[in-house]
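Enquirer: Here you go, one structure.
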Ligand SMILES: Cc1cc2nc3c(=O)[nH]c(=O)nc-3n(C[C@H](O)[C@H](O)[C@H](O)COP(=O)(O)OP(=O)(O)OC[C@H]3O[C@@H](n4cnc5c(N)ncnc54)[C@H](O)[C@@H]3O)c2cc1C
């Protein structure tokens, strides 16, 4: 009999990628994680350095400097990074999935040839700006506008909130390039038309409003408010045609949700590893604490949730074609399940580790705080409930096939 397939390493190349990223993470990401969380600093040089390994343009075509890899490869990299540092993994996700993957599948040839090599090498850092101070889940309620001028350029006005990589440092240096959604028109039925723009650092009227401080978790990633004040964007920086944003947004959100779920898996794996080790090392009442039934419940339930997460993530990845929408049911489903499972597993780890679990040096405290973001960012768990129920009402045979 041949070897059985490992769903999380569907090919030899995937297994090699995992090993390479795991080794690199252990050497470069793990040692800096605690300090960057405590001090709320984003490790920009470390992110840039991932360009040399071809990880920044993971899913972009090789001719533009990318690695041309698939959804499973994207999940692997996010899982491995998040097992050491979910905050850093989030900054990576904002660059590699929210910006690079978006441009790689939705940009035109000129835009890809001009911008992809710079973001794949790490010379430029990208971000994606959808959320606003007054609008998150209700995307079509956005108030940022873009109006075309007589000379063909677009003028953008509005504010974007919660933008990961929106600022690159504490001095207000904005992301080198941002994928921005803006309202361009309202049709006769009152429906909002949304369009997508590539805004580059140095364009008039584009700046950082504030770096958002004091987040619960993901403190090693920068989150910013961005300001667009009569921001002038050349005509060639419109992506696709006016009103096409929903097409880009839907396909990219699916990849975003899969990779956020993979981050949850990294958090779960690390929490389980740490609680398992601690339960053997720690004694009380002359027993290893792993001998206590209540501790066994934390470990046993965490193991089965972790295995279920892993299977669902890599099954979803196997069926996902990057750049093509049509996987919403499972990209919502997998993020819904994994976000909460990661939070629960980190919580179980903290409980097993008692007082030590509650302090930074033992990691799970940080993972516990970071995990909560996954129930909010990239779609709240309530938005997943809504989408799943709507999709199942349209395609009930998804349940039985
Ligand atoms: C650390 C961090 C990083 C982020 N990075 C980015 C980024 O890079 N780019 C970006 O564009 N955004 C980013 N976001 C924003 C994130 O995507 C939003 O916070 C999220 O979509 C929720 O939007 P909101 O915060 O406006 O909450 P709201 O949409 O106002 O929701 C508030 C509450 O109401 C609930 N709710 C809303 N509508 C419904 C409904 N129809 N049914 C039931 N309940 C509902 C929500 O589930 C939630 O519980 C980030 C957020 C954080 C915290």
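The values are calculated or read from the model by the stated rules, or taken from the named source; none is laboratory data. Small disclaimer: the values here were computed from a predicted structure and weren't measured. When we count neighbours, we look across all protein chains shown, and the Cβ atoms used for this are built from the backbone with ideal geometry, even at glycine.
Enquirer: Name the residues in region 125-135 that are surrounded by fewer than 21 Cβ atoms within 10 Å (Cβ to Cβ) and either touching a residue at least 60 places away in the same chain (Cβ under 8 Å) or away from the ligand (no atom under 12 Å from the Cβ) (or both), would you?
Expert: 133
Enquirer: Among the numbered criteria (1) in contact with a helix residue (DSSP H, G or I) (Cβ under 8 Å, 6 or more places away or on another chain); (2) farther than 23 Å from residue 95 by Cα; (3) within 15 Å of the ligand (Cβ to nearest atom), which one does residue 153 miss?
Expert: So residue 153 meets the others, but not (3).
Residue by residue, here is whether (1) in the same structural domain as residue 319 (by TED's automatic domain parsing); (2) part of a loop (DSSP other than H, G, I, E, B); (3) within 16 Å of the ligand (Cβ to nearest atom); (4) closer than 22 Å to residue 178 by Cα holds:
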position	(1), (2), (3), (4)
27	no, no, no, no
37	no, no, yes, no
45	no, no, no, yes
74	no, no, no, yes
82	no, no, yes, no
87	no, no, yes, yes
96	no, no, yes, yes
101	no, no, yes, yes
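Enquirer: Among the listed residues 361, 301, identify the single one that is surrounded by fewer than 16 Cβ atoms within 10 Å (Cβ to Cβ), in contact (Cβ under 8 Å) with a residue 60 or more places away in the chain and more than 30 Å from residue 104 (Cβ to Cβ).
Expert: 361
Enquirer: Which of the residues that make up region 108-124 are touching a helix residue (DSSP H, G or I) at 6+ places or on another chain (Cβ under 7 Å) and surrounded by 14 or more Cβ atoms within 10 Å (Cβ to Cβ)?
Expert: Within region 108-124, 111, 112, 115, 116, 117, 119, 120, 121, 122, 124 meet the criteria.
Enquirer: Identify the residue in region 279-298 that is in contact with a helix residue (DSSP H, G or I) (Cβ under 6 Å, 6 or more places away or on another chain) and part of a helix (DSSP H, G or I) and, among all such residues, is surrounded by the fewest Cβ atoms within 10 Å (Cβ to Cβ).
Expert: So, considering only residues that are in contact with a helix residue (DSSP H, G or I) (Cβ under 6 Å, 6 or more places away or on another chain) and part of a helix (DSSP H, G or I), the one surrounded by the fewest Cβ atoms within 10 Å (Cβ to Cβ) is 280.
Enquirer: For region 161-176, does any single residue satisfy the condition of being farther than 12 Å from residue 225 by Cα, within 16 Å of the ligand (Cβ to nearest atom) and part of a strand (DSSP E or B)?
Expert: There is no residue in region 161-176 that is farther than 12 Å from residue 225 by Cα, within 16 Å of the ligand (Cβ to nearest atom) and part of a strand (DSSP E or B).
Enquirer: Given (1) part of a loop (DSSP other than H, G, I, E, B); (2) more than 7 Å from the ligand (Cβ to nearest atom), where does residue 115 come up short, assuming only one miss?
Expert: (1)
Enquirer: Go through (1) in contact (Cβ under 8 Å) with a residue 24 or more places away in the chain; (2) in contact with a helix residue (DSSP H, G or I) (Cβ under 9 Å, 6 or more places away or on another chain); (3) within 16 Å of the ligand (Cβ to nearest atom) and name the single condition residue 320 misses.
Expert: (3)
Enquirer: Something else: What strands (runs of 3 or more DSSP E) completely inside region 183-272 contain at least 2 residues that are within 20 Å of the chain's Cα centre (by Cα), surrounded by 16 or more Cβ atoms within 10 Å (Cβ to Cβ) and touching a residue at least 12 places away in the same chain (Cβ under 8 Å)?
Expert: Where strands (runs of 3 or more DSSP E) fall fully within region 183-272 and carry at least 2 residues being within 20 Å of the chain's Cα centre (by Cα), surrounded by 16 or more Cβ atoms within 10 Å (Cβ to Cβ) and touching a residue at least 12 places away in the same chain (Cβ under 8 Å), they are 192-200, 223-233.
Enquirer: Here are the criteria: (1) closer than 19 Å to residue 246 by Cβ; (2) within 16 Å of the ligand (Cβ to nearest atom); (3) touching a helix residue (DSSP H, G or I) at 6+ places or on another chain (Cβ under 8 Å); (4) modelled with pLDDT of 95 or more. Tell me which single one residue 142 does not satisfy.
Expert: Going through the list (1) closer than 19 Å to residue 246 by Cβ; (2) within 16 Å of the ligand (Cβ to nearest atom); (3) touching a helix residue (DSSP H, G or I) at 6+ places or on another chain (Cβ under 8 Å); (4) modelled with pLDDT of 95 or more, residue 142 breaks only (3).
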